[in-house]
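Nothing in this text is a laboratory measurement; each read-out follows from the coordinates by a stated rule. Quick caveat: nothing in here was measured; it's all calculated off a predicted structure. For neighbour counting, all protein chains shown are included, and Cβ atoms are generated from backbone atoms with ideal geometry for every residue, glycine included.
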Amino acid sequence: MPSAKKPHIILIYPKTGMDFGSTVAPPHAVLTVAAPVDKEGYRVAILDQRIQRIDERALRELISDDLICVGVSSMTGTQIKNALHIAETVRRITDGRTPIVWGGTHPTVLPEQTLEHPLVDMVVVGEGEQTFLKLVKALENKESLSGILGLAYKDGAELKRNPNRPLMDVDDILPVPWHLLDVERYIHRDMYVKNRKRVLDIGQTSRGCPFKCGFCSSASIRGRKWRAKSVDNSLAQVVDTVRRFNLDGFWIRDDEFYINRKRAHEIFLGMIREKLDVSFYTSGTRVDVFLQATDDQLETMKRAGAHTLKFGAESGSQRILDVMQKGITPDMTRKVNLRCKEIGFVPSYGIVIGYPTDTFEDIHTTIDFAYGLKKDNPRAQLETFAQYTALPGTPSWSLALEYGLKPPTSLEGWTEWLYDDYDLEGEKLPWFSRQERVWLGNISYMSILANGLVNALDSIRSDAWRALAKMASGPTSWYFKTRLVTKSYKHVPELNLVRYLRHRLMYDSEKTYY
């Protein structure tokens, strides 16, 4: 836990709007930035709005005259709304004396527009570990900011942006500074690794992805480069964290863990040698990469504890997969599904609907495809059928603009840029009519209730409450699954209540549901 003395630096991770149970992973976005300044001896406080209330009283208890800066991390959407509210409180308490530094994916992609906002003094662009450390030292010593790579800042009324910082050697990333968190708050039963009780997201063993999926922002942030830690460093990260916190399961958050099959295989062999007895989930798994694995490699994965693998199936329409530049076919996904069934992995499939040029014929094909995977492999998990949301810097951004997208012109405009909400005004999906956008919103919400609800409830800590919640949700999931399978999505008035409650409880409330 942080020192009893007041911090030199406060780092804040705002609520995302999807903060329930095991979705509340450690705030790695700020932990990686905290590690270098913590190592240099600065006192760092990390505030995570998903598990604690961050109001004026909480901030006043931390703010003092020797506070150097407050850092805020933000992705596009709800997190920006919450970040702005917190930043406004900081500004008021400090009378504008303390710099507010923004970082994360959204400020990285749109640094100038972000910097235009009066509640933003500086923006750390890209990987922030080295940039933020140099910024903190410069602020402490009242030095010029002009030579700090990867920084955008205000110089009086002028906005300035320094050259980008080169991508770092990932083996130079410091260990996660777990002592800055109450780690037990992030250890849980899990919606993916269902056979274990102490599961923790341990972060990344690699960064980036070499592929060019049109909806993914990795390319704009990390230049389609995949950089992996060495086998020894990756294995140490897993082993040390598992033993330190007595874990029986974990997540690996790599964009694509399995690109170098030899490296992955050696890590798994090391886990077996260490006799960890864990189950784990990997969030980035491509079907084409998986199909390249040998039987021996997959059996070794299984022995090491591989439990659930997240695959980007995306669509059942080959035409749409090609528009997405996904580089796979539906048949590849079907083969992966059967291979997972044979070996004993649980595949979890991501689906995207509403892409530019998508038709409802394509979407019906995708629904049939998704539930066909579930029929062929009953253990397979289907996630939300997410509406496509164009994000700046992604490969398909220009395609979305070509089809009529009019992006926000200010930071506040991005606060409602949600991937699964109704797009009644056509801001995000102008290539569909208003009625069609309602249908898309219905499909997305129905898929949450049909596919995601029971999985999410698996992360409830109390055995009694979990059993009761799953029993109560069963009929709801069955009902909406039946309506999806039969394509009965055009008139679903009962979703109005679901949408209202979801916004009140998740997006519009400061209350935590952890």
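Packing-based ranking of 482-489, 28-35 yields 28-35, 482-489, ordered from highest to lowest mean Cβ neighbour count within 10 Å. Counting neighbouring beta carbons within 10 Å and listing from fewest to most, the residues F360, F369 come out as F360, F369.
How high is the relative contact order of the range 218-329, in percent, counting Cα pairs under 8 Å that sit 6 or more residues apart?
24 percent
Label sites at T486 and M168, each approximated as a point 7 angstrom past Cα along Cα to Cβ, lie 5.5 nm apart. Among 422-433, 68-79, the peptide with the highest mean count of other Cβ atoms within 10 Å heads the list, and the full ranking is 68-79, 422-433. Partnerless cysteines in the chain, where a partner means another cysteine C-beta under 4.7 angstrom, comprise C69, C209, C340.
What relative contact order, as a whole-number percentage, does the range 187-507 give when Cα pairs under 8 Å and 6 or more residues apart are counted?
Values: 543 pairs, mean separation 49.6, N = 321.
Once normalised by length, the contact order is 15 percent.
Taking every C-alpha pair closer than 8 Å and separated by at least 6 residues, the mean separation divided by the residue count of the range 192-284 gives a relative contact order of 38 percent. At an R0 of 25 angstrom, the distance between the Cβ atoms of E427 and Y479 translates into a FRET efficiency of 0.25.
Taken along the Cα-to-beta-carbon direction at a fixed 7 Å, the label points for I93 and E140 span 2.1 nm.
Of the trypsin sites (Lys or Arg not before Pro) in the range 1-75, which ones lie in a loop per DSSP and count no more than 13 other C-beta atoms within 10 Å? Spell out each step's value before the answer.
On the way: sites: K5, K15, K39, R43, R50, R53, R57, R60; in loops: K5, K15, R43, R50, R53.
When the trypsin sites (Lys or Arg not before Pro) of the range 1-75 are filtered for loop state and at most 13 Cβ neighbours within 10 Å, K5, R53 remain.
Only helical DSSP H runs with n ≥ 4 go in: add -39500 (n - 2.57) per run for the chain, normalise by residue count and round the 222 nm mean residue ellipticity to 500 deg cm²/dmol. Numbers along the way, then the final one.
Working: 19 runs with 196 residues, N = 514.
Helices in the chain give a 222 nm mean residue ellipticity of -11500 deg cm²/dmol.
Of the peptides 17-25, 350-358, how do they stack up when ordered by the mean number of other Cβ atoms within 10 Å, highest first?
Numbers: 17-25: 19.3, 350-358: 22.1.
Per-residue mean Cβ counts within 10 Å order the peptides as 350-358, 17-25.
Restricting to DSSP loop positions (anything but H, G, I, E, B) with no more than 12 other Cβ atoms inside 10 Å of their own Cβ, which trypsin sites (Lys or Arg not before Pro) remain in the range 96-184?
Working: sites: R97, K134, K137, K142, K154, K160, R161; in loops: R97, K142.
Listed in order of number, the matching sites are R97, K142.
The count of lysine pairs in the range 9-161 whose Cα atoms are under 28 Å apart, excluding pairs fewer than 8 places apart on the same chain, comes to 18.
Here the chain is treated as an ellipsoid with the same Cα gyration tensor; its semi-axes, largest first and in whole Å, are 35, 28, 23.
Mind running the shape call on the range 32-122? Use the C-alpha gyration tensor, a ≥ b ≥ c as the square roots of the eigenvalues: rounded below 1.5 for a/c, prolate if a/b tops b/c, oblate otherwise.
Values: a/c = 1.38, a/b = 1.20, b/c = 1.15.
Rounded, since a/c falls under 1.5.
Beta bridges per DSSP, both residues in the chain: antiparallel share near 20 percent. For a test of the definition: using alpha carbon positions, the gyration tensor, and the 1.5 limit on a/c, classify the range 1-154 as rounded, prolate or oblate. Note, shape of the range 1-154 comes out rounded. Distance from the C-alpha centroid of the range 260-339 to that of the range 378-426: 27 Å, rounded to the whole angstrom.
Residue exposure proxy: S146, S447, ordered by other Cβ atoms within 10 angstrom of their Cβ from fewest to most, comes out as S146, S447.
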